[in-house]
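Contents: one structure, followed by commentary.
What follows draws every value from the coordinates through simple rules; no lab data is involved. This is a predicted model, so every value here is computed, not measured. When we count neighbours, we look across all protein chains shown, and the Cβ atoms used for this are built from the backbone with ideal geometry, even at glycine.
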Amino acid sequence: MIAWAVGIKLLYMHQTPLALRLFCIEVTVHSVFVCATLGMDYGFQYYLWTIASLILLDYQLKLKFASALALLLIITFAMLFELFNKVQNTFLFSEFAPYIHFINVLICALPSIYTIGHIREVSFSNRYQLAQMAAIDPLTNLFNRRYAKELINNAQENSIETSQQLSVIMADIDHFKTINDKYGHEIGDEVLIEVASKIQQHTLHSDIAVRWGGEEFLLVFVNCDLATTQARIESLRRDIATHSFNDQRLPVTMSFGVAQWHPALPFRVAVKLADDALYMSKARGRNRTTSAHSDAVQHSLQ
C-alpha cells in the first residue's frame, strides 16, 4: 500500500516514469511473494508478463536496457513454475482458485493490450507526421514542390478521364527582396505565412496550392475554366493588395500568370506558359493578372 501511495503521489507530481518503475517493482515483488506462498494456481505469475510489457513504455530507459529487463521478467516467470509449482496450497479459500486465476489473467491482459495499442498509435502518429513533413512546406503549410508533382500527375489523369479542365497559375510576391532588406527576414517569413493563408482561403479542397520556391507559388485549379480562374485569381489579388500585413500596413502585392492545361500539352509547358504570363504581369507594373495568349498556347500544341 505504501508503494502505491507513493506512486500515485509521483503521478500527481508529473513524475510518471518514476511512478511506473515503482509500480513495476512492487507488482514484481508481490507476484513472486504470492507464488512462493500460495503456489501457481492463482495466476499471480502472469503479472510478470504485464510488467514486461509496461516497462517498454518507459521511454527514458534505453531500448536495450528496457528489453533486457523485460526478458529478465519473462525468465523469472518461467522459473516460478520450476520453483513453486508444487507449493502446498494453504489458502483458506482455495476452492476459489480457478476464479481468482481467471480474474488475474483478465487483469494482466488489459495492460498488455493497452501497451500494444499505445505503441501502435505512436507508430501511426509518427508515420503520419513523417508523411506530413514529406508533403508540406513547414513555413507556409502549403504543399512542397516535390510532393505537389505527384498530386498534379493524379489531377492530370483524372482530368483526362472526366474531361475536366485544369488551370495553372504562377504567382509571385512583388518586390519581396525589398521587403526582406527593409524589414528583415523574420517579417519576410511572416509575409509568406500570411500570403499562404490568403491563398488557402481562396482555394478549394480539390485545388492544389504549392510553395514553388522562395516567394513563388504554383496553383492548380481543378475543373475550372479560364474565365472562372481569372475571376478567382483577381479576387485573391485584390484581397492581398488590401490586406494589412504585419499590423503595420506593410504594402504587399502579388502578380499572377494564368494558363490553361490541355491533355496534349506537357504540364511543364503549361507551367512555362503561366510563368511567361507572370513575367508579363511584372513587366506591366506588377499587382496584376495576365493570362497566356491563345496564340502561345496554340503554338505549344503544335
Point to revise | Percentage relative contact order, the stretch 176-302, counting C-alpha pairs under 8 Å, at least six apart | key: 18 percent
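Kindly state, to the nearest 0.05, the FRET efficiency for Leu151 paired with Arg249, given R0 = 30 Å and r defined as their beta-carbon distance. Numbers along the way, then the final one.
Values: r = 36 Å, r/R0 = 1.19.
E(calc), rounded to 0.05, equals 0.25.
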**Study point:** Estimated vicinal HN-Hα couplings, Hz - the stretch 35-46 in sequence order (Karplus 6.51, -1.76, 1.60; Gly, Pro = x)
**Key:** 4, 5, 8, 10, x, 9, 6, 9, x, 5, 5, 6
Check your understanding: Using a basic spin-label model with each label point 7 Å from the Cα along Cα→Cβ, how many nm lie between Thr228 and Lys86?
Key -> 8.5 nm
Study note, to complete from the structure: Per the helix-only model, the chain has a calculated mean residue ellipticity at 222 nm (DSSP H runs of ≥4, -39500 (n - 2.57) each, divided over all residues, rounded to the nearest 500) of -21000 deg cm²/dmol
Check your understanding: How many times 2.2 N^0.38 Å is the alpha carbon radius of gyration of the chain?
Key -> 1.69
Review point. Sorted by mean Cβ packing within 10 Å, highest first, what order do the peptides 162-170, 80-88 take?
Key: 162-170, 80-88
Point to revise | Normalised convex hull volume, the stretch 143-283, alpha-carbon set, Å³ per residue | key: 101 Å³
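Which value results for Rg/Rh of the stretch 16-63 when Rg is the Cα radius of gyration and Rh the Kirkwood radius based on the inverse mean 1/r? Numbers along the way, then the final one.
Numbers: Rg = 12.0 Å, Rh = 11.3 Å.
Computed over Cα atoms, the ratio is 1.05.
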Review point. So what's the gap between the Cα centers of the stretch 209-262 and the stretch 60-91, to the nearest angstrom?
Key: 65 Å
Point to revise | Crossing angle, helix 267-283 versus the chain [Cα axis fit, 0-90 degrees, rounded to tens] | key: 60 degrees
